[in-house]
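This report refers to the structure that appears directly beneath it.
The values are calculated or read from the model by the stated rules, or taken from the named source; none is laboratory data. Keep in mind the model is a prediction, meaning the values are calculated, not measured. Note that each Cβ is placed from the backbone with ideal geometry, even for glycine, and that neighbours are counted across all protein chains shown. When the accessible area is computed, the model is the full protein with side chains, heavy atoms only, and any ligands, DNA or RNA have been set aside. Shrake-Rupley method; radii C 1.70, N 1.55, O 1.52, S 1.80 Å.
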Amino acid sequence: GGGGGGSPIPLAIMTSGDTHDLTIKLLEENANFGMEKSQITVMRQNKVPALKDSNARFSSSTPGTIDTKPHGHGDVHTLMHQTGLAKNWNSQGVKWVIFFQDTNSLIFRPLPAIIGVSASREFDVNSVCVPRTPGEAVGGICRLEHPDGRRFTVNVEYNQLDPLLRSSEHFSTGDVAGPRGYSPLPR
């Protein structure tokens, strides 16, 4: 059978100020779940000003201050650069990187197939989504189309999805359930 004999698989975990120390403790208390300490990189995401609405007004729970929040999933790329992880993995010959969010625990089952399809089709990027219910704290993959014809596909964070949909012509009622009970996004 297989006998692949490759290198240990590296793992990077992005934490927030609220989860960083607890994550380190969990790893230590569980002997890194069988991984060598050198396989694991834990990166604390940066904080950014919190916005209170889709008009990008700053949130302030105390007069004269601006609330902050963890930057979010998109910060992982900056952190990989800032910590030297991307350069390190590149020098180690790491060819494939899988990003998954804690909100998508189903990712582990199809992971080998996703890697296989990505490799055989020579994809630079591949994305897998799960159905979500309206208002669920899970972002959605969306193709945004501007009136001038420009189009791009992005992940829209869950807290921005409903306002974005309401501002569109096709989804003016917002993030509402379709006939099967799920949000129209992702599709």
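Summary table
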read-out: Low-density loop cleavage sites - trypsin sites (Lys or Arg not before Pro) in region 34-127, where at most 14 other Cβ are within 10 Å (DSSP); value: Lys52, Arg57, Lys95, Arg121
read-out: Segment Ser38-Gln82, length gained on full extension (0.36 nm per residue, minus Cα span); value: 14.0 nm
read-out: Where Cα atoms sit under 23 Å apart: lysine pairs in region 34-170 separated by 8 or more or lying on different chains; value: 5
read-out: Label-point separation, Ile9 to Arg57 (7 Å along Cα→Cβ), nm; value: 4.7 nm
read-out: Shape call, the chain: gyration tensor on alpha carbons, a/c limit 1.5; value: oblate
read-out: Charge dipole (the chain, unit charges on Cβ, about Cα centre) - positive-most of Val94, Tyr182, Ile40; value: Val94
read-out: Protein accessible area in the chain, 1.4 Å probe - carbon and sulfur %; value: 53 percent
read-out: Accessible area in the full protein assembly, largest first, 1.4 Å probe, for Leu51, Leu111, Leu22, Leu161; value: Leu22, Leu51, Leu111, Leu161
read-out: Cα pair count fraction exceeding 18 Å, expressed as % - region 5-109; value: 61 percent
read-out: Between region 29-108 and region 141-173, the Cα center-to-center distance that results, in Å; value: 24 Å
read-out: Å² per residue, accessible surface of the chain at 1.4 Å; value: 73 Å²
read-out: Calculated FRET value between Lys47 and Asp21, using beta carbons and R₀ = 22 Å, to 0.05; value: 0.90
